[in-house]
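Everything below concerns the one structure shown next.
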């Protein structure tokens, strides 16, 4: 595994850096055609529910499953987490974790909230806590990230690069929650993307999530309006374009434990919204 161990700095909450030396064949990208046997268990053109968001979430940039019938949302300018109730179809609570920034992703893991900045920095805190930890991940220079997910199998957060230089372009980094180290986890190449019918220049991930049942990685792109699915061996197994009228600016993606899929989109001049797609086994 190509590894980048970064220096880690926590503000208010401290953890020492650690390292791993094991490499895995899982990190070798596979080129070739899409998996012919794969059937997407969702109808992306027909959401089962659509939730309109309040003005404060017009620029929603990330969401994560919180608990029964509730999602956590973040927007890209203010350090505020919003609790959206899918039964009440409304924000029922919000709590701040700082001032202002460029916040692009959110994950709720082991009773803690992680929020990702576009420069790769991670905020960590318990809901409504005043103790906020901040980890500087020191990704390569000129690297802009926009997607945050979590893989329960590896116990790592996944950080998807939107724009990067030669060393980080089209890469997913991972942050190990056990030893607080950052790794270069997966990279796709232009040949793979072209084989999946994707213009490599349009591949700029805006969200990433791991399917809770199958373990596949679902990668959302806003610029290219597409959903891409890979396995852990970095092989693209599915790709589907998204209707720009239905997906105005898709920025966030997450799953419920039962496999239901949620995709959030910025309003792009209108109200933001979340679409729910029931898992069809």
Residues satisfying the stated conditions in segment 196-206, i.e. more than 13 Å from residue 239 (Cβ to Cβ) and either more than 14 Å from the chain's Cα centre (by Cα) or in contact (Cβ under 8 Å) with a residue 60 or more places away in the chain (or both): 201, 206
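Looking at segment 80-147, what strands (runs of 3 or more DSSP E) fall wholly within it and have at least 3 residues that are in contact (Cβ under 8 Å) with a residue 40 or more places away in the chain and out of contact with any helix residue (DSSP H, G or I) (no Cβ under 9 Å at 6 or more places or on another chain)?
103-109, 112-117, 122-125, 133-135
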Set 256, 264, 209, 223: member being over 13 Å from the mean Cα position of the chain (by Cα) and within 15 Å of residue 107 (Cα to Cα): 256
Some residue of segment 221-237 being touching a helix residue (DSSP H, G or I) at 6+ places or on another chain (Cβ under 6 Å) and assigned to a strand (DSSP E or B): yes
Tally of residues being farther than 15 Å from residue 61 by Cα and buried (at least 24 other Cβ atoms within 10 Å of the Cβ) across segment 205-216: 0
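Filtering segment 169-195 down to residues that are in a strand (DSSP E or B) and without any contact (Cβ under 8 Å) to a residue 40 or more places away in the chain, which residue is farthest from residue 120 (Cα to Cα)?
Going through segment 169-195, the residues in a strand (DSSP E or B) turn out to be 171-176, 182-187.
Cutting the leftovers down to without any contact (Cβ under 8 Å) to a residue 40 or more places away in the chain gives us 171, 174.
Working: 171: 13, 174: 11 Å.
Checking each candidate, the answer is 171.
Please go through segment 243-254 and pick out each residue that is in contact (Cβ under 8 Å) with a residue 60 or more places away in the chain and either buried (at least 20 other Cβ atoms within 10 Å of the Cβ) or touching a helix residue (DSSP H, G or I) at 6+ places or on another chain (Cβ under 7 Å) (or both). Walk me through how you get there before you give the answer.
Here is the first cut: in segment 243-254, the ones in contact (Cβ under 8 Å) with a residue 60 or more places away in the chain are 243, 246, 251-254.
If the condition is that a residue be in contact (Cβ under 8 Å) with a residue 60 or more places away in the chain and either buried (at least 20 other Cβ atoms within 10 Å of the Cβ) or touching a helix residue (DSSP H, G or I) at 6+ places or on another chain (Cβ under 7 Å) (or both), then 251, 252, 253, 254 are the ones that fit.
Values quoted throughout were computed directly from the atomic coordinates according to the rules given, and no laboratory measurement underlies them. Here the structure is a predicted model, which means the values were calculated and not measured. With ideal geometry, Cβ positions are generated from the backbone for all residues, glycine too; neighbour counts draw on all protein chains shown.
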